Amino acid sequence: MDALTTTLLELGTPAAALGSGALYARARMPRTYWSTIGFPLAVHRIRRDYEAVMESCGLTVDPSFWRAMASSAANRPARPAMPQIRRIIASSTGMRIRLRLARGQETADVLSATEKLRHAWAVHAVYAAEVKPGIVDLRVVGFDVLRDVRMPRRATAKSAGLLRVPVALRADGTVHHRDYRQVPNGLDLGANQSGKSMFTRNLVHGLAAQPVALVGIDCKRGVEQRPFAPRLSALATDQAEALGLLLALLVEMDDRYDLIRAHQGVPGSVAAEDLTSDIWGLPEKLRPVPIVVLVDEIAELFLVTSRADEERRNQAVTALIRLAQLARAAGIYLEIAGQRFGSELGKGATLLRSQLTGRTVHRVNDLETARMGLGDISEVAMLAATRISPDMPGKAVAGDTSGRWYEIRTPYRSLADVAERCAEFAHLTPELPRLAAFRPTAPAGQLIPADIPPVPSAPPVFAPAPVAE
């Protein structure tokens, strides 16, 4: 029995009934409880004990010389300096407190004290972020927002953009985006039933309404991606088709680079401000549509069952590596999913993984898998991925090679809902001549069009190629 219930019981039966209702709301309707009871109580607790909490959490510094002199002249003890509250802004999941740091303090001091502040203020979590030098925002979360994910509609609608998709909710209550313009290539790892498919569904749901081309590679006979067929410009459902599709994407990439080079023209014939090295600098009427390639299970492209499969595997892996290294400037982006992604997959796996900047790791079965995705980002993030409970499908740790990482969870979307979304926006599916043979509705025909040359198998294939800027 907590302090709130004890106090209300002492006040009598009506108050006890009110306390029972408050406890029920906190357990079953946490957003309602926070808006009506939790937020006012938390603000009262913060303001009442603010100075004591700052001192006990080590967020005070000695007063300045002049303040100490003034206190001495007034015959009163000098109070230590501490961060000052500028404002408190409420939200449906918590609040944001803006602090002005005292002289001599830094953001790291507040970051190291967030766990102490969480306990002192009796809230679910506290996160700190620097706004500018001397100004820090504390994002206070009143309850576990990942237990029942509800994407904020207004923030989600405002933050979406071309190739920027809101796919999950972060543990601090903000929206997590998959932004291909900022992080071109991504890797999604996780065990069975961990939520990788749900992550992909949210991606497709967001991208379906945008002027982009979606390309699917699903070597599980297409069971995951075939429902998205009305919105897919190409789909491969086995290793042979996947190889043909990857080779076609390489030719498409080369065509786009030829287009960029043609636009640059002879030096001096194009204004300096019109020069470009990627498709985004081209005039809108010339700019080709961006392409997002969704690979459902990467291991299927690496595994071989006989010596005859090795050539197919080497060509497919080589094509993926070239796309990961060079295709960003051509507007082609990769989203690769798998249960594991280590050197045991074979030659080229480690090099390909190094090109996948964005990392999303769902529940994994062993520490090594978490290290494959997050070991080069943060040791703490890697350990957080190993502690995801099986009863929280869709929960993951997302980060990039900058070292930033977040705990996220994707909202539930049924396969039927995403398929309906794809059918609704089927008219936005672009026609790509190079990929026409792989349209899901096209009749089965030649797996590899004759005009697509094979990928050279020279030794430098697996050496890091220069990345187009």
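Laid out as a table, the results:
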quantity: Eligible aspartates and glutamates near residue 347 by straight Cα distance, threshold 18 Å, same-chain separation 8 or greater; calculated: 297, 300, 309, 310, 311
quantity: Candidate lysines for bridging to residue 220, where Cα separation is under 22 Å - those fewer than 8 sequence places away on the same chain excluded; calculated: 196
quantity: Under Karplus coefficients 6.51, -1.76 and 1.60, residue-wise ³J(HN,Hα) of segment 424-441 in Hz, glycine/proline x; calculated: 4, 10, 4, 5, 8, 5, x, 8, 10, x, 5, 10, 4, 5, 10, 4, x, 8
quantity: Rounded FRET efficiency, nearest 0.05, which uses the C-beta distance separating residue 425 from residue 43 and R0 of 56 Å; calculated: 0.80
quantity: Carbon plus sulfur fraction of accessible area for segment 338-397, probe 1.4 Å, in percent; calculated: 50 percent
quantity: Low-density loop cleavage sites - GluC sites (Glu not before Pro) in segment 91-175, where at most 16 other Cβ are within 10 Å (DSSP); calculated: 106
quantity: Across 132/158; 116/395; 158/285; 132/285, pairs whose alpha-carbon gap is larger than 28 Å; calculated: 132/285
quantity: Cβ-based charge dipole, segment 396-436, positive-most Cα from 418, 429, 403; calculated: 403
quantity: Within segment 181-232, trypsin sites (Lys or Arg not before Pro) in DSSP loop having at most 14 other beta-carbon neighbours inside 10 Å; calculated: 181, 220, 221
quantity: Förster radius 35 Å - calculated FRET efficiency between residue 238 and residue 380 (Cβ-Cβ, nearest 0.05); calculated: 0.30
quantity: Two-site FRET efficiency, residue 258 against residue 343, from Cβ-Cβ distance with R₀ of 60 Å, rounded to 0.05; calculated: 0.95
quantity: Extended-chain gain in nm, criterion 0.36 nm per residue less alpha-carbon gap, residue 305 and residue 55; calculated: 83.5 nm
quantity: Extension gain (nm, one decimal) between residue 367 and residue 164, 0.36 nm per residue minus Cα-Cα; calculated: 70.0 nm
quantity: Segment 190-246 - accessible surface per residue (Å², probe 1.4 Å); calculated: 27 Å²
quantity: Relative contact order %, segment 105-247, counting alpha carbon pairs below 8 Å whose residues are six or more apart; calculated: 13 percent
quantity: Extension gain, residue 389 back to residue 87 (0.36 nm per residue minus Cα-Cα distance, nm); calculated: 105.1 nm
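The values are calculated or read from the model by the stated rules, or taken from the named source; none is laboratory data. Note that the structure is a prediction, hence the values are computed from the model and not measured. Cβ sites come from the backbone with ideal geometry, for glycine too, and all protein chains shown count toward neighbours. To get the accessible areas, we keep the full protein, side chains included, count just its heavy atoms, and leave off ligands, DNA and RNA. Shrake-Rupley method; radii C 1.70, N 1.55, O 1.52, S 1.80 Å.
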